[in-house]
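Structure, as structure tokens:
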Amino acid sequence: MSRASNTAARRLQIVEAMSKVMARSGYEGATINAVAEEAGLTPGLVHYHFKSKLEILLSLISALESAVNERFENRLKIKGGDHPKGQLKAFVESYLALGKDSNPDAVACWIAIGTEALRDEQIKEAYQDVSSRQLAHLEKIIKDCLKVSLQETRAARQIALGIYAAIEGCYRLQVCAPQMVQSGFAAPTVLRMAEGLLTAQKRS
């Protein structure tokens, strides 16, 4: 049991090091040697736990998804998780809100992962799997918001796509053009946009 626990801890250490290196240098710069140095390990030990850099990246994608899910659950406790609009706020803030639990490295990694998804089929598949699960979750929240106000739910997917695309766009601006954005703008802006989409649906 101890050996399995140590292995899991070591793998997590390597994945976290990958995240830090990728945030600084992108996927191309995240060599096994660079990841090993960041983790305080030898390259051989990194290779012992992961067959390749790609395998580390796929584990990182899974870790990023788990982190945003945990952030969502934590926010549900303080954002009115019993009401769909509280869930919507928790969802958007789990991606975009600043605070002690925010992780700029994770945002930079996600943008780098999206770029690599254009080049590598396995990364593309993993990226799409995470995005599909998160979009399905958001669509359910939007449907519940519409049901509460006795609205038709057929546009839920379209609204969810708009919100999710806005989140991705905020990420890209934050990483690629930080001088264009004001600190803390993202979550409130996307929430206002979401409210506008829900209101427009009601009028139609």
inquiry  = Could you compute the net charge surrounding HIS47? Neighbours are other residues with a C-beta less than 11 Å from the C-beta of HIS47; K and R count +1, D and E count -1.
reply    = +1
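Per the 1.4 Å probe, what fraction of the accessible area of the chain, in percent, lies on carbon and sulfur atoms?
Heavy-atom surface of the chain belonging to carbon and sulfur, 1.4 Å probe: 52 percent.
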key: Within the chain: Cβ-based charge dipole about Cα centre, in debye rounded to nearest 20 (Lys, Arg +1; Asp, Glu -1)   = 620
task = Under a cut-off of 20 Å between alpha-carbon atoms, report the aspartates and glutamates in cross-link reach of LYS51, not counting same-chain residues fewer than 8 places apart.
result = GLU16, GLU28, GLU37, GLU38, GLU116, ASP120, GLU121, GLU125
ask   = Reachable lysines from LYS53, Cα under 21 Å, same-chain residues fewer than 8 places away excluded?
value = LYS20, LYS124
ask   = DSSP loop GluC sites (Glu not before Pro) in segment 105-204 with at most 11 other Cβ atoms within 10 Å of their Cβ, which ones?
value = GLU152
remark   = Rounded to whole angstrom, the alpha-carbon centroid of segment 131-204 lies from that of segment 21-91 at a distance of 23
message = Taking the solvent-accessible surface of protein heavy atoms with a 1.4 Å probe, what is the per residue accessible area of segment 1-56 in Å²?
response = 60
ask   = Using the per-residue mean of other Cβ atoms lying within 10 Å as a proxy for protection, in what order, highest first, do the peptides 174-185, 92-103 fall?
value = 92-103, 174-185
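Ignoring ligands, DNA and RNA, what accessible area per residue does segment 57-204 give at 1.4 Å, in Å²?
Heavy-atom SASA per residue in segment 57-204 reads 55 Å².
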note = With -39,500 (n - 2.57) per DSSP H segment of 4 or more residues and division by the full residue count of the chain, the 222 nm estimate, nearest 500 deg cm²/dmol, is -26500 deg cm²/dmol
ask   = For segment 23-85, which trypsin sites (Lys or Arg not before Pro) are in a loop by DSSP, counting at most 14 other Cβ atoms within 10 Å?
value = LYS51, LYS77
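The values are calculated or read from the model by the stated rules, or taken from the named source; none is laboratory data. Nothing here was measured: the structure is a model prediction, and the numbers come from that model. Reconstructed Cβ throughout: ideal geometry from the backbone, glycine too, with neighbour counts over all protein chains shown. Note: accessible area is taken over every heavy atom of the protein model, side chains too, but ligands, DNA and RNA are not part of it. Shrake-Rupley method; radii C 1.70, N 1.55, O 1.52, S 1.80 Å.
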